[in-house]
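A short worksheet on the structure shown next.
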Amino acid sequence: MKKLILKILKYGLIVIGLILSIILLLYVYPIAEPLRQKTDTNDYIISNINIIDVANDSIITNQSVYIKNDRIVKVTSKGSIIKNDHIKIIDGKGKYALAGLWDMHSHLAFQIAPQVIMPLHIANGVTYIRDMQGIVNINKERIQWRKEIDSEELLGPRLIGFADEIVGANYDEQNVFELVNRTAKDSQTFIKIYSGILPDRYFPLAEEAKKQGVVFAGHYPNAINPIDASNAGQRSFEHAHLFLKHANPLAKKNRQYYQALYSDEEVDEDDRPSPIDMLASFDYQKFYELVDTMVKNNTYFCPTHITRKYEAFANDKVFLDDANLKYIPHLVSLIWKDDISQMKEYVEVEGNQQYLEDFYLKGLELTGLAHKKGVNILAGTDSYDPYSFPGISLHSELEELVKAGLSPAEALKSATITPAEYFNVSEMYGTIAENKIADLLILDKNPLEDIKNTTSIESLFFNGNLYEKEDIDNMKLYVENNASGLNGLSISVKMFFRLMKDNRH
């Protein structure tokens, strides 16, 4: 018996040693170098192009766009730009030019974003993102990435703004004044608000942020009335549950429950109002009170409807069998599968599947109504949440916004003009106009006729450099190769160890 036990231990240790050796080899296995931007020395004229005038919901036909270095130098009628041997002519006849797109709720998430996230954004015409941080602190990397992207080195979307601090997450006990002081050092950063912050920290943070000109944006805090949060200066609210959780007679009781929960008081789960009851008792008067406050305070709204759609369709095999899963590393895929399992358990309870579907559809309705009242809508995806694919899902979110009642032009505005206004950078970005940065898409089809046509990208300009269809396809293939096989395993191991080392939650 003793020999048998020793034998089992021996082979067990061998197996453990082999597993550890494989993990170590995967960790040290080299991954692909990040893609670099083109260094094209040509100037360009895009002739005969139809420019999508998002602001006026119209097409300006047969234009010539002159691009020199990284700038749009001139936009004028056909044939009125002098041509010479140093200018490359692109015939845009029958095609449509659209300003580069923004994803205003994105997550670069991990240190390997240049290998598996950034190229997908560019390949899908998303040339700018607002990065909302995540569970891994990658502030040092993002500062370096921003510098390399702006200097035309690293291929990735411009980081016009990113959250360098998160407040209100699990176990968060940061001093809010010190937090504001840190963020104030970089004008391109902001503080992300999570749901768990309590009033005794939120309102002093808001007051100090206002004094120092620091932006704070994110979730609306569960224990705080969003009307008070808007009045306090929160720059944007994220996710479609904003209106649904506030505008009902149970909202105050819900806030009281979370106040007690986050204060480490003993709580009874039965004291928490049922989400189904909250939805069933929706109050339009309370909804419009919040909407009017947001309009008054210029509080933006980023609904990320595709995240609510995922919840409603998490039991739908056709929805789950998405071809874009090939771009997702193994570790992230496992996290998604675990989330799907939890969602499937949730919908086994009678009434929950119907609730998720109703919640999703109600969210669309309310975004449309808020937009009509004057709330500024931002297109965002919550990318790297389950079934939110970098770059790809921004086009899906635009479709959701049209379902919500926005016109195609209004949906496009939420991903072009409005984000530039949000960041106060309209003089450089958001439209195709003279002296602006030359980030633009050339589409085969008109998205004002059908918003799905934003996916018909024939080529694009980024930083004034031309990326043709072959370049775009190569970006996608690069990510697919990095996310799969041995490369994907190596990247997943690297992600896992970074997660263990630096978990924000």
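Considering only residues that are within 24 Å of Asp200 (Cα to Cα) and exposed (fewer than 15 other Cβ atoms within 10 Å of the Cβ), which ones fall in segment 261-288? Hits for segment 261-288 are Ser263, Asp264, Glu265, Glu266, Asp268, Glu269, Asp271.
Selection within segment 295-318: residues that are part of a loop (DSSP other than H, G, I, E, B) and touching a residue at least 12 places away in the same chain (Cβ under 8 Å). The member of this set that is farthest from the chain's Cα centre (by Cα) is Asn315.
Taking the conditions exactly as written (in a helix (DSSP H, G or I) and within 26 Å of Glu399 (Cβ to Cβ)), does Phe287 satisfy them or not? So Phe287 fits the description; yes. When segment 134-165 is limited to residues that are under 16 Å from Ser106 (Cβ atoms) and of a type in the set (Gly, Ala, Ser), the one that is modelled with the highest pLDDT turns out to be Gly156.
Checked against (1) outside any loop (DSSP other than H, G, I, E, B); (2) surrounded by 20 or more Cβ atoms within 10 Å (Cβ to Cβ), Gly156 passes all but condition (1).
Residues of segment 428-444 being in contact with a Ser or Thr (Cβ under 8 Å, 6 or more places away or on another chain) and on the phi > 0 side of the Ramachandran plot, which ones? Passing the criteria: only Gly430.
Residues considered: Gly168, Gly161. Of these, the only one that is in contact (Cβ under 8 Å) with a residue 24 or more places away in the chain, in contact with a strand residue (DSSP E or B) (Cβ under 9 Å, 6 or more places away or on another chain), buried (at least 23 other Cβ atoms within 10 Å of the Cβ) and more than 17 Å from Ser187 (Cα to Cα) is Gly168. Among residues of segment 184-206 that are free of Cβ contacts under 8 Å to residues at least 12 places away in the same chain and hydrophobic (A, V, I, L, M, F, W, C), none has a beta-carbon under 9 Å from a residue that is in a helix (DSSP H, G or I) and buried (at least 16 other Cβ atoms within 10 Å of the Cβ) at least six positions away or on a different chain.
Considering Asn453, Asn474, Asn446, the condition of being at pLDDT 95 or above, surrounded by 16 or more Cβ atoms within 10 Å (Cβ to Cβ) and not in a loop (DSSP other than H, G, I, E, B) is satisfied by Asn453 alone.
Only residues that are over 24 Å from the mean Cα position of the chain (by Cα), on the phi < 0 side of the Ramachandran plot and loosely packed, with under 14 Cβ neighbours inside 10 Å: list them for segment 319-356, please. Within segment 319-356, Lys344, Glu345, Glu348, Val349, Glu350, Gln354 meet the criteria.
The values are calculated or read from the model by the stated rules, or taken from the named source; none is laboratory data. Quick caveat, the model's predicted, so the values are computed rather than measured. With ideal geometry, Cβ positions are generated from the backbone for all residues, glycine too; neighbour counts draw on all protein chains shown.
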